[in-house]
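Report on the following structure.
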Amino acid sequence: MAVCIAVIAKENYPLYIRSIPAEQELKFHYTVHTSLDVVDEKVSAMGKALVDQRELYLGLLYPTEDYKVYGYVTNSKVKFVMVVDSSNTALRDNEIRSMFRKLHNSYTDVMCNPFYNPGDRIHSRAFDNMVTSMMVQVC
Amino acid sequence: MPAMADETLFQLLHTQVVAAAYGAGRGSGDEGLRAGLTVLEGMGFRVGQGLAERLPQGALAFREELDTIKFLCRDLWGAVFGKQTDNLRTNHQGTYILQDNNFPFLTQMAWGQQYLEEAPKFLAFTCGLLRGTLSSLGIESSVTASVTSLPACKFQVVIQKA
């Protein structure tokens, strides 16, 4: 499903970034970086519009011919960015939302780990396994 | 399903944490007292950061500072202590006073003035907790606590202006 998953800190540096296949890593790093602008735009736009409930799920950030980029932001302004293959049209919004929810839960677990310092790169194996389960697909 | 012993366990653990922060000869004199308070506050800060991720149920609904402080009074206090704060006051200039007339960490001690000197040790962790949660939600602050008569206490939150 997902080809690349990234967790970006509040200050916009990556806490965790992983992509398959590994050769395309640089391209995905660049994609995630450019999508951060869109995330910031959405977050500030939502702040100005007088909505009572702001959603954590940001939705489709932008599509290209090869893939689509989705975003999600937590209460502590940590962003999750997910890049999915466009050829996989079977993915519905609900599934993306549930993937983000799983990411958020795993991230919360990492945060509550007393051996983890907020702001460090994420090395947790449990988090790795959860991400792998979301990325391993028909290759 | 919440276990029924949760609150008691947390109180007992907290009592031990305070004792440990002052044990092993660290607690003597003013220097020792301040060092212990710093350790406890630091612990609370880290826990607050984790709590800030777990607690808010799904919505970025805090449009103003006041909403965030109200969230602290209701949801954080409810999750950690099983009750809400009794009073919230503000001067609308960035200072908030959260008052709890029956603070769970102080109820087990003799009510009144007898343990006024020891009380700050039992409030340091909670001060850090508030500061950590606020910091994760994007608000830098400084939190202090004051007691005039157990078990009522006040937490003063001062928001740092950028």
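The values are calculated or read from the model by the stated rules, or taken from the named source; none is laboratory data. Model, not experiment: these values are computed from the prediction. Don't worry about glycine lacking a Cβ; one is built from the backbone with ideal geometry, like all the others, and counts go over all protein chains shown.
Counting only strands (runs of 3 or more DSSP E) that sit completely within the stretch A:25-137, those holding 1 or more residues that are surrounded by fewer than 19 Cβ atoms within 10 Å (Cβ to Cβ), in contact with a strand residue (DSSP E or B) (Cβ under 9 Å, 6 or more places away or on another chain) and at pLDDT below 75 correspond to A:57-63.
In the stretch A:113-127, what residues are under 16 Å from A:Leu103 (Cα atoms) and in contact (Cβ under 8 Å) with a residue 60 or more places away in the chain? Can you show your working first?
Initial filter on the stretch A:113-127 (under 16 Å from A:Leu103 (Cα atoms)): A:113, A:121-127.
Correct list: A:Arg121, A:Ile122, A:Phe127.
The residue that is surrounded by the most Cβ atoms within 10 Å (Cβ to Cβ), counting only those in the stretch B:99-145 that are touching a Cys at 6+ places or on another chain (Cβ under 9 Å) and farther than 24 Å from B:Asp30 by Cβ, is B:Phe103. For the stretch A:94-119, taking the residues that are under 15 Å from A:Val81 (Cβ atoms) and of a type in the set (A, V, I, L, M), the one that is nearest to the other protein chains (Cβ to nearest Cβ) is identified as A:Leu103.
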